[in-house]
1. Go through the range 34-68 and give me each residue that's farther than 21 Å from D9 by Cβ, modelled with pLDDT of 95 or more and of a type in the set (A, V, I, L, M).
2. Considering (1) modelled with pLDDT of 80 or more; (2) not assigned by TED's automatic domain parsing to the domain that holds M1, say which one S92 fails and leave the rest.
3. Can you name the residue in the range 136-159 that is buried (at least 18 other Cβ atoms within 10 Å of the Cβ) and within 18 Å of L18 (Cβ to Cβ) and is also nearest to the chain's Cα centre (by Cα) among such residues?
4. Show me the helices (runs of 4 or more DSSP H) found entirely inside the range 1-120 where at least 2 residues are charged (D, E, K, R).
5. Can you tell me which residue is nearest to R109 (Cα to Cα) among those in the range 24-67 that are in contact with a Lys or Arg (Cβ under 8 Å, 6 or more places away or on another chain) and acidic (D, E)?
6. Kindly provide the set of residues from the range 145-191 that are modelled with pLDDT of 90 or more, small (G, A, S) and closer than 15 Å to R129 by Cβ, ordered by number.
7. Considering only residues of the range 160-191 that are in a helix (DSSP H, G or I) and out of contact with any Leu (no Cβ under 9 Å at 6 or more places or on another chain), which is surrounded by the most Cβ atoms within 10 Å (Cβ to Cβ)?
8. Within the range 123-130, is even one residue part of a helix (DSSP H, G or I) and either over 23 Å from E38 (Cβ atoms) or under 12 Å from the mean Cα position of the chain (by Cα) (or both)?
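The values are calculated or read from the model by the stated rules, or taken from the named source; none is laboratory data. Everything numeric here is computed off the predicted structure, so don't read it as measured data. So basically every Cβ, Gly included, is an ideal-geometry build from the backbone, and we count neighbours across all protein chains shown.
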Amino acid sequence: MLDWWKSTDCASLVRPWLKARDLWHLLLGTVLFDRAHERIVRDFWPTFAQRWPTPRAFLSDRRRDAAVRVLDRLDAGKKLEELARSLTDKKSPADAVGKIEGISPERIRLCNTLAGKNLSCDPTTPAVRVAARILGQQIPTSRTDGQLVLVQIVGASQSSLAYAALLEIAEQFCKPTDPACTACPIRKWCRTGLAG
């Protein structure tokens, strides 16, 4: 998974912000594009990522509301402003993002995990789906069981990178219905993929 993740260009990803190593870009992508169509992501993510490389750049952009309006995400501008202020007002960004109205604690925790700020892998539905298919077994629904299985899949070393790869695989190949097993980069290690 890591080899595939490291060698894959951002332009070919469904969720390119998962490649970001900083909390700001992970949050920016999540807030603006998490449920957006792939074409919208492909067309706009590079522009927004470059336009706002830091929370301070976002806060100082006088035309940020107009830029966000292009995506028809008026609520996102206020959330991003609150996130940017949280990240710039505190000395430790890992602790900076607390409760933000309209963003679930799970999403914030997930972004912290992907940024390497947490060691736990949240058992999100997409991640557990991929793990269940890799192992060829049903995963118990408890949070603890889900975390144990994910640690088994992604390992402890470089787990944030492997977890990001797992989430992208869930979005791009291992969809809830009609998975693209033949194109999946981890097919030869996946019991479901091998079973055809």
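1. Across the range 34-68, the qualifying residues are A57, L59.
2. (1)
3. S159
4. The helices (runs of 4 or more DSSP H) meeting that bar are 2-7, 38-51, 64-70, 74-89, 105-114.
5. Among them, the one singled out is D34.
6. Once the filter is applied, which keeps residues that are modelled with pLDDT of 90 or more, small (G, A, S) and closer than 15 Å to R129 by Cβ, the range 145-191 yields A165, A170, A180.
7. The residue in question is I169.
8. Taking the range 123-130 first, the residues part of a helix (DSSP H, G or I) are 125-130.
Among the residues that remain, those that are also either over 23 Å from E38 (Cβ atoms) or under 12 Å from the mean Cα position of the chain (by Cα) (or both) are: 126-127.
Yes; the residues of the range 123-130 include at least one that is part of a helix (DSSP H, G or I) and either over 23 Å from E38 (Cβ atoms) or under 12 Å from the mean Cα position of the chain (by Cα) (or both).
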